[in-house]
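Notes follow once the structure below has been shown.
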Amino acid sequence: MTNRWILQAAFLLGFLSIALSINYEILERRQSSTNSECLELLEQLDGQFCLGHRKNFKIPMEVKRLGQTEKKNAAIFIREMLQNIFIVFKNDSSSTGWNKKIVESFLDILDDQIDFLNKVLANERWTPSNFPTILRLKSYYRRVQSFLEVKGYSSCAWMVVRAEILKNFSIIRRLTNTFQN
């Protein structure tokens, strides 16, 4: 009798772990859709080219080169990137001449995806392996934020940041591709 109970408990735990695991197929579809929407909106935020203001903010290389086997880390890094992009664009962009509805739509999409990722990753935390990368990502976005502040949130500074965030979404797209398979 006891052996049967142990077998049933083991069977239940096996199914429970499957039920609680991250569904990367849904995550990949949802993130791909968000990436496309955000890129489309960012491309609509045009303005003058400010070549003299260009800056290399140095996004962490390990985020750019994440391997196929690190799906959970990819999802955690995407969430971190989207949260920080949201914070950057939440700042005063009134000097840009950008359409406020486009910026608001962009922020709404980001906010919705961040909420989704927070639910999906509710039990996922930083680990000793991804902690240094998270800290470098935070530092990277502080440099972006500082650049905007130093430049007085000028339209040229915002165009440089917009170009940088466009690069971020190509990295996010690559990270999203790790969810396949």
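Computed from the coordinates by the stated procedures, all read-outs in this text should not be read as laboratory data. For clarity, every value in this text was computed on a predicted model and none was experimentally measured. Neighbour counts are summed over all protein chains in view; Cβ atoms, including those assigned to glycine, are modelled from backbone coordinates with ideal geometry.
Below, the figures for the structure above:
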item	result
Computed lengthening from Ser129 to Ser36, 0.36 nm per intervening residue step minus Cα-Cα distance	30.5 nm
Difference of contour (0.36 nm per residue) and Cα-Cα distance, Asp112 to Asn91	5.7 nm
Backbone N within region 154-181 under 13 Å of label point (7 Å from Glu25 Cα along the Cβ vector)	180-181
Equivalent-ellipsoid semi-axes of region 23-177, from the Cα gyration tensor, Å, largest first	26, 18, 13
Cα centre as origin, Lys/Arg/Asp/Glu Cβ charges: region 23-177 dipole, Debye	640
Square roots of 5 times each gyration tensor eigenvalue, C-alpha, region 85-164, largest first, Å	27, 18, 7
Sorted peptide list for 77-90, 26-39, 140-153, criterion being average Cβ within 10 angstrom, highest first	77-90, 26-39, 140-153
Farthest positive-ward along region 23-167 dipole, Cα basis, beta-carbon charges - from Ser32, Gln83, Ser129	Ser129
Relative contact order, percent, region 23-177 [alpha-carbon distance under 8 Å, six or more residues apart]	46
